[in-house]
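See below for the structure under consideration.
The values are calculated or read from the model by the stated rules, or taken from the named source; none is laboratory data. Keep in mind it's a predicted model, so treat the numbers as computed, not measured. Positions of Cβ are generated from backbone atoms using ideal geometry, with glycine treated the same way; all protein chains shown enter the neighbour counts.
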Amino acid sequence: MIDREKALSIVTEYGQEHIMKYFDELSEEEKNELLGQIEITDFSVLSNLDDKANNNKRGVFEPLGAVTIDDIAANSSEYKEIGIEAIRAGKAAAVLLAGGQGTRLGFDKPKGMFSIGVEQELYIFQCLINNLMYVVKLTGAWIPLYIMTSEKNNKDTVDFLKEKNYFGYDPEYIRFFIQDMAPSVDFDGKILMESRSRISLSPNGNGGWFSSLVRAGLLDDIRNRGVEWINVFAVDNVLQRIADPSFIGAVIKSGLQSGSKVVSKAAPEEKVGVLCLEDGKPSIVEYYEMTREMITLLNEKGELAYKYGVILNYLFNVAKLEEICDRKLPVHIVDKKIPYMNENGDLVIPTSPNGYKFETLVLDMVHMQDSCLAYEVVREKEFAPVKNATGVDSVESARELLKANGVKI
Ligand code: UTP
């Protein structure tokens, strides 16, 4: 481990000397804790603050069409057949992104441990595993499930799923891996401290999932199992269809390099990232990046040209992932509420955003693909996000959608 002098030179280089303000007063154990954190922290992300306004400059956007719900219905049996065959041949795996902190939900455990049930316990993890189980039963093949956690929630997640017997999933097909952490800063770019010996670190976004999976040594597992396609999905959509044979089949049939499930926007102004082309490559434009003209533009059919919103359900090809693994993803700077230690040494839990976190996002991986099939799904059947405790995309709205889909809650 690095020593005091080395740590001091690192923090000084980045103008973060305050991190070591109390160092000489700490116990041996605390000193080691802080030195260990300084050693593993990627301070270089801080440089993204220098040119915050110009960070992530975008190219030229163009609309991208989708295979629509009607197209899919017309080709349903063929898509399913191709997908089922690929799954039976062991070519598909799934990656659950569960490293987030779910701050908006305000639940202090991993989001997947939240019970959305009303009359019975029905955990978010359970909903997702049930959905995946449906495909296991349909195909007669177990689908490897890789679960990404963070340092903050790994133990709770692993213990919980074990205690619940993985909700009936075969543990031979479940693997966990831990994502990296990045420092959080105040609005002046000073790293926040959680205590005198602990830097405020948080999960560095869901974009690092593949490199973290590789670092955890799981690429061998993927190769040994002969996996060619990975379906990446978020923890918080309880109606999520995972390893959906029809989606996998449609992407394989299309010959495109990747796929993304999309829903038609509910309204032009809906706050959702839209799958489109950027400089000729597939890309996701965030709602706040869209100009008025893009928002209202119509195509020749009189429909919104930028119509297809993403729901964080992607299909990536393993060979392509390996190729792009070392490429740097853009770093997003996000306003967040970050608990911190104040001048007096007291822990403050802020009620409004007080600083920035640095995140890379899986959606930026889409832009590294040569092509991407936009695959339209019925929103009410496949999209029930649990982001907030109440209101839009909340526990309440997800419960209604689960009920409407015949799930006992
Ligand atoms: P969100 O963007 O909703 O972030 O994550 P979050 O941290 O879970 O929630 P808030 O914003 O604090 O309320 C979308 C998906 O990406 C995963 C989440 O677990 C969720 O499945 N994620 C997010 C990670 O796996 N790691 C991260 O660092 C961030």
How many residues of region 253-276 are farther than 30 Å from Ile84 by Cβ, surrounded by 14 or more Cβ atoms within 10 Å (Cβ to Cβ) and over 21 Å from the mean Cα position of the chain (by Cα)? The answer is 1
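Among the residues of region 193-206, is there at least one that is assigned to a helix (DSSP H, G or I), under 19 Å from the mean Cα position of the chain (by Cα) and crowded, with 18+ Cβ neighbours inside 10 Å? Give the steps one after another, and end with the answer.
Residues of region 193-206 assigned to a helix (DSSP H, G or I): 206.
Cutting the leftovers down to under 19 Å from the mean Cα position of the chain (by Cα) gives us 206.
Within this subset, residues satisfying the condition of being crowded, with 18+ Cβ neighbours inside 10 Å are 206.
Within region 193-206, one or more residues are assigned to a helix (DSSP H, G or I), under 19 Å from the mean Cα position of the chain (by Cα) and crowded, with 18+ Cβ neighbours inside 10 Å.
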The residue that is farthest from Asn299 (Cα to Cα), considering only those in region 30-64 that are free of Cβ contacts under 8 Å to residues at least 12 places away in the same chain and part of a helix (DSSP H, G or I), is Ser44
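Which helices (runs of 4 or more DSSP H) sit wholly inside region 344-409 and have at least 2 residues that are within 29 Å of Val318 (Cα to Cα)? Outline the logic, then answer.
On the way: elements: 363-366, 379-382, 395-404.
Passing ranges, in order: 363-366, 379-382.
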Subset of region 193-207, residues away from the ligand (no atom under 16 Å from the Cβ) and either under 17 Å from Pro353 (Cα atoms) or without any contact (Cβ under 8 Å) to a residue 24 or more places away in the chain (or both), comes to Met193, Glu194
The correct count of residues that are modelled with pLDDT under 95 and either among the acidic types (Asp, Glu) or not in a loop (DSSP other than H, G, I, E, B) (or both) in region 271-302 is 5
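Give the number of residues within region 103-124 that are acidic (Asp, Glu) and within 16 Å of the ligand (Cβ to nearest atom). Explain how you work it out, then say what you get.
Here is the first cut: in region 103-124, the residues acidic (Asp, Glu) are 108, 119, 121.
Adding the requirement that they be within 16 Å of the ligand (Cβ to nearest atom) leaves 108.
Total satisfying the criteria: 1.
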Going through region 66-102 in order, the residues found to be within 16 Å of the ligand (Cβ to nearest atom) and either at pLDDT below 95 or part of a loop (DSSP other than H, G, I, E, B) (or both) are Ala98, Gly99, Gly100, Gln101, Gly102
Can you spot a residue in region 23-45 that is modelled with pLDDT under 95 and farther than 21 Å from Pro339 by Cα? yes
